[in-house]
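Chemist: The structure that follows is given in the form of structure tokens.
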Amino acid sequence: MNDKLNNSSSPMFSDSLMSADDALSFLMESAVISDLTELTSLDDSIGRILAEDIRSRINVPGFDNSAMDGYTIALDENNLSKENQTFNVVDRIAAGSIGNELKKGNAARIFTGAPIPKGANTVVMQEECETSEDGSQITIKRAIELNENIRPTGNDILKNGVILNVGKKIEPEDISLAASVGIGELKVYKKLKVGVFFTGDELVEPGQSLTPGKIYNSNRYALVALLKNAGCKVVNLGNIKDDFDSTCDALEDLAKDCDLIMTTGGVSVGEEDHVKPAVEKLGSLNLWKIKMKPGKPLAFGYVRNIPFIGLPGNPVSSFVTYCIFALPFIKKMQGNSSFKNKAIKVKTNFDCKRGKPRREYARVQIDYTSEIPMASLYPKQGSDVMSSVVWADGIIEIPENTTFDSGTILDYYPLSELTR
């Protein structure tokens, strides 16, 4: 694989811009699923990725049981479809207890979830039963059929059947299902360890005073939060000195201990952009120009065989390229089988009279009151306008070299799905 990735003669690595689709395909082909797994308790498994199929050890339910409160009856087949039948009540069966065998023509009071006793073959809900004053008999006016309101053995889950598939991100309902078949631990992939650092002598930490020419380092906190939201362990070197040697040292340190290295900024071609040459010195840089807006300078490569992703420096560009490219890559490395971003079709509440050469990922709000959800643009779409992301419900994909009128159907990605 590495020989293929390092093939700089490929048109993919020319000075021309790569399409967003080709870049994403290339990243997905390059992502290697972790082979490190561990056992975790059900209480600690939420959000983790299953490393094996989970099979049930038992049938659920493990016995035929009543689907409701009522009366279970040993119905004689000769009495099928007859109305106004009376049965003697000879037993009472609560959930957790086992009743006695019923003879034909007899009934037992039964409660939801209680086992169907031997001999019984149907259950009638209590609202349809007229009970004698002493409770010794019931009369049912309507005709009764066999197997009414009986949940058969294995109705929900069959023994040895797969109940959860490898690669699934564990949700609360999955934990409930595993517990229902007696499984107390789950084999999951170990959390991906992602190393990060940040460059730029102009950056100042929040809480400190700004001096002329300085800006607050929002990218640091955005990236760490996004990675933690994706279930990663983060090794954060913070701000490092903005020079070539310091950048090389940071990359070397993280390559020793991490599964993936990420940075923001420094991946362009300016004299003060040191990340790109540092990665090339310590490994290889395979991808760094994407035909997209915002974004474009997205770097991908290897540092001592550890994957490296360098996000752009502008805050919106960094956020969007993480969502569109980095997160699917991370999910695949985590073993998550649902690593691809899933689009929703929405209708535009705006037009595009002039096609643009780069694919645009625009921030929009969605109006769900119409039959097809309607997307409205934030008025400022610059890569420095982080308030557009806070305002937005998600990102709409505007294809390159495309014009359209208001009401056109396009692909939309909710932020709630793009950030976790």
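Chemist: Limited to region 69-82, what total is found for residues that are under 17 Å from LYS141 (Cα atoms) and in contact with a strand residue (DSSP E or B) (Cβ under 8 Å, 6 or more places away or on another chain)?
Modeler: 7
Chemist: Next question. Here are some residues: SER406, SER383. Which one is touching a Phe, Trp or Tyr at 6+ places or on another chain (Cβ under 9 Å) and not aliphatic (A, V, I, L, M)?
Modeler: From the options SER406, SER383, the qualifying one is SER406.
Chemist: Would you point out the residue of region 344-384, among those that are touching a Leu at 6+ places or on another chain (Cβ under 9 Å) and within 16 Å of ALA20 (Cβ to Cβ), that is modelled with the highest pLDDT?
Modeler: If we take residues in region 344-384 being touching a Leu at 6+ places or on another chain (Cβ under 9 Å) and within 16 Å of ALA20 (Cβ to Cβ), then ALA362 is modelled with the highest pLDDT.
Chemist: Working only within region 283-303, note down all residues that are part of a strand (DSSP E or B) and either within 23 Å of GLY355 (Cβ to Cβ) or outside the structural domain of ILE261 (by TED's automatic domain parsing) (or both).
Modeler: ILE290, LYS291, MET292, LYS293, listed by residue number.
Chemist: If I filter region 182-220 down to residues being farther than 26 Å from ILE309 by Cβ and either in contact (Cβ under 8 Å) with a residue 12 or more places away in the chain or of a type in the set (Phe, Trp, Tyr) (or both), which single residue comes out as surrounded by the most Cβ atoms within 10 Å (Cβ to Cβ)?
Modeler: My answer is LEU186.
Chemist: Could you identify the single residue in ILE163, ILE175 that is in contact with a strand residue (DSSP E or B) (Cβ under 9 Å, 6 or more places away or on another chain), assigned to a helix (DSSP H, G or I), touching a residue at least 24 places away in the same chain (Cβ under 8 Å) and within 15 Å of ILE54 (Cα to Cα)?
Modeler: Answer to the check: ILE175.
Chemist: May I ask you to verify whether ALA120 is assigned to a loop (DSSP other than H, G, I, E, B), touching a Ser or Thr at 6+ places or on another chain (Cβ under 9 Å) and either of a type in the set (Lys, Arg) or surrounded by 12 or more Cβ atoms within 10 Å (Cβ to Cβ) (or both)?
Modeler: yes
Chemist: I'd like to verify a number: residues in region 100-112 that are modelled with pLDDT under 95 and either among the polar types (S, T, N, Q) or more than 21 Å from SER132 (Cα to Cα) (or both), how many?
Modeler: Total satisfying the criteria: 0.
Chemist: Looking only at residues in region 245-269 that are among the β-branched types (Val, Ile, Thr) and not in a strand (DSSP E or B), which one is farthest from GLY47 (Cα to Cα)?
Modeler: Applying the filter and picking the extreme gives VAL269.
Chemist: Shifting gears a bit: So which residues in region 223-234 are surrounded by fewer than 20 Cβ atoms within 10 Å (Cβ to Cβ) and farther than 21 Å from ASP44 by Cβ, if there are any at all?
Modeler: Listed by number, the residues that qualify are VAL224, ALA225.
Chemist: Looking only at region 41-74, which residues are of a type outside the set (D, E, K, R), closer than 17 Å to LYS168 by Cα and surrounded by 16 or more Cβ atoms within 10 Å (Cβ to Cβ)?
Modeler: LEU42, SER45, ILE49, LEU50, ALA51, ILE54, SER56
Chemist: Can you name the residue in region 323-357 that is within 14 Å of the chain's Cα centre (by Cα) and either surrounded by fewer than 18 Cβ atoms within 10 Å (Cβ to Cβ) or among the aliphatic types (A, V, I, L, M) (or both) and is also nearest to GLN381 (Cα to Cα) among such residues?
Modeler: By that ranking, first place goes to ALA343.
Chemist: What are the residues in region 223-244 that are at pLDDT 95 or above and part of a helix (DSSP H, G or I), if any?
Modeler: LEU223, VAL224, ALA225, LEU226, LEU227, LYS228, ASN229
The values are calculated or read from the model by the stated rules, or taken from the named source; none is laboratory data. Predicted, not measured: the structure shown is a model, and the values here were computed from it. Glycine gets a Cβ as well: all are built from the backbone with ideal geometry, and neighbour counts include every protein chain shown.
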